[in-house]
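Values in this text are rule-based calculations from the coordinates and carry no lab data. Nothing here was measured: the structure is a model prediction, and the numbers come from that model. In this analysis, Cβ positions are derived from the backbone assuming ideal geometry, glycine residues included, and neighbour counts consider all displayed protein chains.
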Amino acid sequence: MAAVLTLPSTPGLVPRAGRSGRSVGARRPHPTRVARSHRTAAVYRRRRFVAAALGLGIVVAAGQASAALGGSSLAPAERRPQVTSVVVEPGDTLWSIADEVAPNADPRQVVDALVEARGTAQLLPGETITWLGE
């Protein structure tokens, strides 16, 4: 069942306006739904670009800070000299000590280096000789 109401048209009467300023009962078209979806996609693209740029900037800054501090896990390990200490026993000679501290090197060069470093070729039992090898 339906009822139809007709109002007489009276000159000078203006339709009553609602809160939004438009006449009551009038529907506003929604052309922004399509535009809003395009705007939303563009906003998300911009946000992703800004997030990627910030992430890249953080990675670059961390790399520069790491390089400035001198620490890098990718840097090759330094070769450290092998330290060998020998306590002189009775009967030891510079030649036997040279063979002990540098078995793969020419003993003549090692003996010359030991004499030069110590200032003498004389050995005393109980004396400690330290050799920095490679």
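A few comments on the model shown:
- Proxy reagent accessibility, fewest Cβ within 10 Å first, across VAL101, VAL115, VAL88: VAL115, VAL88, VAL101
- Residue exposure proxy: VAL110, VAL60, ordered by other Cβ atoms within 10 angstrom of their Cβ from fewest to most, comes out as VAL60, VAL110.
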